[in-house]
Amino acid sequence: MEESMQFSDLKELISVYDWLLLQGMMVQDDYSKQVDYIMTQRRLPDAGLGITLSGEAPFVILHLRPDGPAKEAQNQGLMLVHDILESINDVPIASFPPSHVRVLLLGPPSSTVVLHCAESPRRSPAG
């Protein structure tokens, strides 16, 4: 997302971070980095993984961009189309709304995210 966001959108996003922090699903350092980035840049952190997910739980991987960071995991067979994303940075996401999942997947450039996927019987190497 390259365009600037409205302040109300930014406040809503920060409220998601607040919730994650209070639930113990985000550490203070990550929280501070994300909120600082949002407030100084006036936009979402824009380093994504190149993953398209289904719009609700279970979060099924629908597409992996060939030029995205997830490509290496795809090449190693660790993450393929139709797999189910179960956790992000050791946080189970099955009960999360899509907006929370999106927040956890985005980060400033060079940030790290750890994903855990369950293999689907419909696995496909093509994205």
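Screening ALA47 against (1) in contact with a strand residue (DSSP E or B) (Cβ under 9 Å, 6 or more places away or on another chain); (2) open to solvent by 80 Å² or more (accessible area, probe 1.4 Å); (3) at pLDDT below 80 leaves a single unmet condition, (2). In segment 102-123, the residues that are within 28 Å of GLU12 (Cα to Cα) reach residues that are of a type in the set (Ser, Thr, Tyr) and open to solvent by 30 Å² or more (accessible area, probe 1.4 Å) with C-beta atoms within less than 8 angstrom, at least six apart or across chains, in these pairs: PRO108/TYR37. For first residues located in segment 54-70 and among the basic types (Lys, Arg) and in a loop (DSSP other than H, G, I, E, B), partners that are open to solvent by 60 Å² or more (accessible area, probe 1.4 Å) and modelled with pLDDT under 90 and lie 6+ apart or on another chain with Cβ distances below 9 Å form the pairs ARG65/THR52; ARG65/LYS71.
The values are calculated or read from the model by the stated rules, or taken from the named source; none is laboratory data. All values derive from a computational prediction rather than experimental measurement. Every residue, glycine as well, gets a Cβ built from its backbone with ideal geometry; the counts of neighbours run over all protein chains shown. In case anyone asks, the SASA skips ligands and DNA or RNA and just uses the protein heavy atoms, side chains included. Shrake-Rupley method; radii C 1.70, N 1.55, O 1.52, S 1.80 Å.
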